[in-house]
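The values are calculated or read from the model by the stated rules, or taken from the named source; none is laboratory data. In this text the structure is predicted, and so the values were computed from the model without any measurement. As a convention, Cβ positions derive from the backbone with ideal geometry for all residues, glycine included, and neighbour counts pool all protein chains shown. Side chains are part of the model used for accessible areas, which takes the heavy atoms of the whole protein and leaves out ligands, DNA and RNA. Shrake-Rupley method; radii C 1.70, N 1.55, O 1.52, S 1.80 Å.
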Amino acid sequence: MKRIGILTGGGDAPGLNAVIRAAVKTAIYEYDCEVFGIRNGYDGFVETNGIVPLSIDSVRGLLPRGGTILGAANRGNPYARKIVRDDKETLIDVSDEIIKGIERLEMDALLILGGDGTLHIAHELYKKGAPIIGVPKTIDNDISGTELAFGFDTAVGIATEALDRLHTTAESHHRVMVLELMGRDAGFIALHAGVAGGADVILIPELPFKFENILAEVRRRVEAGYLFSIVAVSEGAKPRGGKQVFSRSGDDIYVPRLGGIGQQVGGYIEKQGFESRVTVLGHLQRGGSPSSFDRWLATRFGAAAVRLAAQRKFDHMVALRAGQIVDVPLAEVTATAKRVDVNDDAIITARGMGVSFGDD
Ligand code: F6P
């Protein structure tokens, strides 16, 4: 193995830089291999100065740094790249440029750090001949084949701290505090932070809720003498028989943007006579320094991805299973999206402790 590339696709997540650092150090120290960084996701292959050499010096001090030093482009799909032609926006397929770029630079492997969208594209590029290794990145934790992706632990920590902080105002003012959390179609952030932060109601996409059930829980608490409630709502949660709430519709380039369910839930509760406030935590969940666990996981993933590249085990993704770093075929990873198992012990535990999911 003489030369590898690293690319960070999709939105940023805490730990991306820690993966880059581990991969660069392992490639150079263990394999005496050159490393190139592709800037702005797949776009770097078609942009001027889109590919930069990475040295030990380039990755110094990266462990605590959030974001990605390579830049991100979360709608950078090489199969549908937006360009302006004859004053009109149009989509073109530049996937061949990526294959040519890999060949031109004589890359023996390309490590792709990304979420479900980026990994789908990686799998397609492999079919065209690209020597791809995947690394699972997402705060949503919705990637199949791995128990955890890096970024999730940091996001849950931030969300839990937010719930702790909301508790004090809720209790002092006898209010219902609603916190809308990220996660797209998976409720992992709301579930984990909700349990860790002692939420009274947790709403997740996997368990459609009824507004009346949320109200019943708030009322039950007031009648029992608890004059406040904390509601953790996943942005993808929806009422039974209803639809998810979007703050922006999608188009050829952009997926629809979820957002607004927290306001609907808070508005409903307030209309029923219980003072409510809504907080949308948003990108605070994605920014800033990774937790020590995410740095640890990202480091292990980065090093393992380089070892996988050396074995030429392409079209595989590094993964965490039962505490061990393993690898799984990208075909398996991309076949199904991971969602909260509504029958697992986390839900049973929360229900057993009186948490309402608004579903019964
Ligand atoms: O997938 C990560 C994530 O933060 C989701 O939780 C959220 O729905 C989405 O990305 C937000 O994307 P953007 O940064 O493009 O608004």
- Query: away from the ligand (no atom under 14 Å from the Cβ), within 13 Å of residue 318 (Cβ to Cβ) and assigned to a strand (DSSP E or B), is that true of residue 145?
  - Reply: no
- Item | Set 67, 50, 37: member being open to solvent by 10 Å² or more (accessible area, probe 1.4 Å) and under 25 Å from the mean Cα position of the chain (by Cα) | 67
- Query: Can you tell which of 87, 116, 140 is open to solvent by 60 Å² or more (accessible area, probe 1.4 Å) and within 19 Å of the chain's Cα centre (by Cα)?
  - Reply: 116
- Task: Filter the range 183-202 down to the residues that are more than 15 Å from the ligand (Cβ to nearest atom) and not in a loop (DSSP other than H, G, I, E, B), then identify the one that is farthest from the chain's Cα centre (by Cα).
- Result: 201
- When you look at residue 225, is it free of Cβ contacts under 8 Å to residues at least 12 places away in the same chain and in a helix (DSSP H, G or I), yes or no? no
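Every residue, every condition in (1) surrounded by 14 or more Cβ atoms within 10 Å (Cβ to Cβ); (2) under 23 Å from residue 32 (Cα atoms); (3) touching a Lys or Arg at 6+ places or on another chain (Cβ under 8 Å); (4) without any contact (Cβ under 8 Å) to a residue 24 or more places away in the chain, yes or no:
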site: 293; (1), (2), (3), (4): yes, no, no, no
site: 301; (1), (2), (3), (4): yes, yes, no, no
site: 304; (1), (2), (3), (4): yes, yes, no, yes
site: 314; (1), (2), (3), (4): yes, yes, no, no
site: 319; (1), (2), (3), (4): yes, no, no, no
site: 328; (1), (2), (3), (4): yes, no, no, no
site: 345; (1), (2), (3), (4): no, no, no, yes
- Message: Looking at the structure I just gave you, is residue 158 touching a helix residue (DSSP H, G or I) at 6+ places or on another chain (Cβ under 9 Å), more than 10 Å from the ligand (Cβ to nearest atom) and either open to solvent by 10 Å² or more (accessible area, probe 1.4 Å) or in the same structural domain as residue 206 (by TED's automatic domain parsing) (or both)?
- Response: yes
- Pick out, from the range 14-115, the strands (runs of 3 or more DSSP E) lying fully within it that include 3 or more residues that are within 14 Å of residue 302 (Cβ to Cβ) and in the same structural domain as residue 143 (by TED's automatic domain parsing). 109-114
- Would you confirm whether any residue within the range 205-222 is small (Gly, Ala, Ser) and part of a loop (DSSP other than H, G, I, E, B)? no
- For the range 251-282, how many residues are touching a residue at least 24 places away in the same chain (Cβ under 8 Å), open to solvent by 70 Å² or more (accessible area, probe 1.4 Å) and within 15 Å of the ligand (Cβ to nearest atom)? 2
- Message: Of the residues 41, 37, only one is away from the ligand (no atom under 16 Å from the Cβ) and among the small types (Gly, Ala, Ser); which?
- Response: 37
- Message: Could you tell me how many of the residues in the range 218-242 are within 16 Å of the ligand (Cβ to nearest atom) and open to solvent by 50 Å² or more (accessible area, probe 1.4 Å)?
- Response: 1
- Task: Check off (1) farther than 19 Å from residue 246 by Cα; (2) among the charged types (D, E, K, R); (3) in contact with a Ser or Thr (Cβ under 9 Å, 6 or more places away or on another chain) for residue 180 and give me the number that stays unchecked.
- Result: (1)
- Query: So which of 167, 174, 192 is on the phi > 0 side of the Ramachandran plot and of a type outside the set (Lys, Arg)?
  - Reply: 174
